[in-house]
Amino acid sequence: MQVHRFEKVWLGAAILLIVGFIATIAYGSVGVGVGMVGDSGGQISAEAVQNGNTGTQFDDPGVVKEDGQYVVYVVARQFQFSPGTGDTPIRVPAGENVTFRVTSADVVHGFSVVETNINTMVIPGQVSEVSARFNEPGTYGLICHEYCGAAHHTMGGSVEVVPPEEYDMQQENIDQSADDAQAQEEADQ
Ligand code: CUA
C-alpha cells in the first residue's frame, strides 16, 4: 500500500497530539495531584451542620489548633462562608501549615482561594480537606466556584494571612493596645 508523504506527516502529528494529551492528564493527576474530593475528611450530616448540632467544631467554625497544627473549620451555605464572608475573614498565620476543613449546610458549593492552589468542591454530607501554607502575608480572595443558586455570584470572602508573630500576639493579647504589645515585645527581647 502506498501512503502519501503528507498522509504520514498528518498521521504522525495526530499521534503526537494524542500522546501529548495523555501526558498532560497524567501529569495533572499524578504530578500536580488534581483529583476528585477525597473521603479523607470524613462524612457529616448536612442537616446537623445546618442546625449547628453536629457535636463537632463545625458548630463553632473558625481557626483552632489541633495537635499543634492550625485547622480552619468552615461552613459553606447559601450564600456565605462562615467564617470568610463579610467582616469575618478567615485569619491564619503566614509560614505555617494550615488545614482547611470545609463542609456544606445545604447544596454543593466551591471553595477556592485566589492565587493559591486551594480549590475544592464542598459537598453536603462530606468534609473536604485541603492543606496549604501561605508564605506571603496579605489578603487573599475566597470564592465559591460551583453554581449554588440565585446569588452564587455574590458568594465569596477573604483569607487574611498575617505575620506569625503578629498572629500569636492577636491570639494571646487580643485586648492589649499596640503600645502594650510593643512594650511586651521589648520585654521579651
Ligand atoms: Cu456557593 Cu456558588
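Readers should treat all values here as calculations from the given coordinates under stated rules, not as data from a laboratory. The shown structure was predicted, so the numbers you read here are calculated from the model rather than taken from an experiment. FYI the Cβ positions are ideal-geometry reconstructions off the backbone, even for glycines, and counts take in every protein chain you see.
Please find the FRET efficiency linking Glu160 to Ile25, where r is the Cβ-Cβ separation and R0 is fixed at 41 Å, and quote it to the nearest 0.05. The partial results should precede the final answer.
Numbers: r = 36 Å, r/R0 = 0.87.
The calculated FRET efficiency here is 0.70.
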Separation of alpha-carbon centers, the range 8-68 and the range 107-147, rounded to whole Å: 11
Run the quick spin-label model on Asp39 and Leu16: label points 7 Å from Cα toward the beta carbon, then report their separation in nm to one decimal. 4.4
Amide H neighbours of Ala94 at under 5 Å, excluding residues fewer than 5 places away on the same chain, with H built from the backbone geometry, are Val162
Dimensions of the chain along principal axes (Cα, Å, largest first)? 88, 46, 32
Can you put Val49, Val3 in order, fewest other beta carbons within 10 Å first? Val3, Val49
Against the globular-protein guess of 2.2 N^0.38 Å, express the Cα radius of gyration of the range 42-138 as a ratio, rounded to two decimals. 1.02
